[in-house]
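Participant: Have a look at this one before I ask anything.
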Amino acid sequence: MAKTKKLPANYMDIVFVRRENCPWRLQENGIVEVDMENRGFFNAVAQKFFKRPRVSHISLDKYGSTLWLALDGTATVNDVLSKMNAAFPEESEKMLNRVVQFLATLEMHKFIVRK
């Protein structure tokens, strides 16, 4: 019988970590830039025939950059939400939705994984 990984009972208790082989850098203006390798058949065709780049450099906005830096491997989603609310108090009403959606997008694109 295969072992199943026990998931936290609450999404807010999940700890996300940045994927190890996901290059990124903090620019002087405080914005995080993440590199995404364009792989797969269609990307290979676009690179060969349309001179598309092999690696895309994605600049996160101020919210995304703050969230990215908060993903230190120990912070739960609730901890990240607290940091985001402290950084952007005027946005606190919308912050939970924004954090959950951004984490889902980062996870879908495999920039982050659950610890």
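Participant: Heavy atoms of the protein only, probe of 1.4 Å, neighbouring chains included. What is the accessible area of Val80 in Å², nearest 10?
Facilitator: Rounded to the nearest 10, the figure is 0 Å².
Participant: A further question follows. Summing +1 for each Lys or Arg and -1 for each Asp or Glu, what net charge is found among the other residues whose Cβ lies under 14 Å from the Cβ of Arg25?
Facilitator: -2
Participant: Heavy atoms only, 1.4 Å probe, whole protein assembly: order Ile31, Ile14, Ile58 by accessible area, highest first.
Facilitator: The ordering from most to least exposed comes out as Ile58, Ile31, Ile14.
Participant: Moving to a separate point now. R0 = 22 Å: FRET efficiency of Ala87 with Arg25, Cβ-based, nearest 0.05?
Facilitator: About 0.65, to the nearest 0.05.
Participant: Ranked from the most accessible area to the least, with a 1.4 Å probe and all protein chains present, what is the order of Tyr63, Tyr11?
Facilitator: Accessible-area ranking of Tyr63, Tyr11, largest first: Tyr11, Tyr63.
The values are calculated or read from the model by the stated rules, or taken from the named source; none is laboratory data. From a predicted model like this one, the values you see are computed outputs, not experimental measurements. Note that each Cβ is placed from the backbone with ideal geometry, even for glycine, and that neighbours are counted across all protein chains shown. Surface accessibility is based on the protein's heavy atoms, side chains included, excluding ligands, DNA and RNA. Shrake-Rupley method; radii C 1.70, N 1.55, O 1.52, S 1.80 Å.
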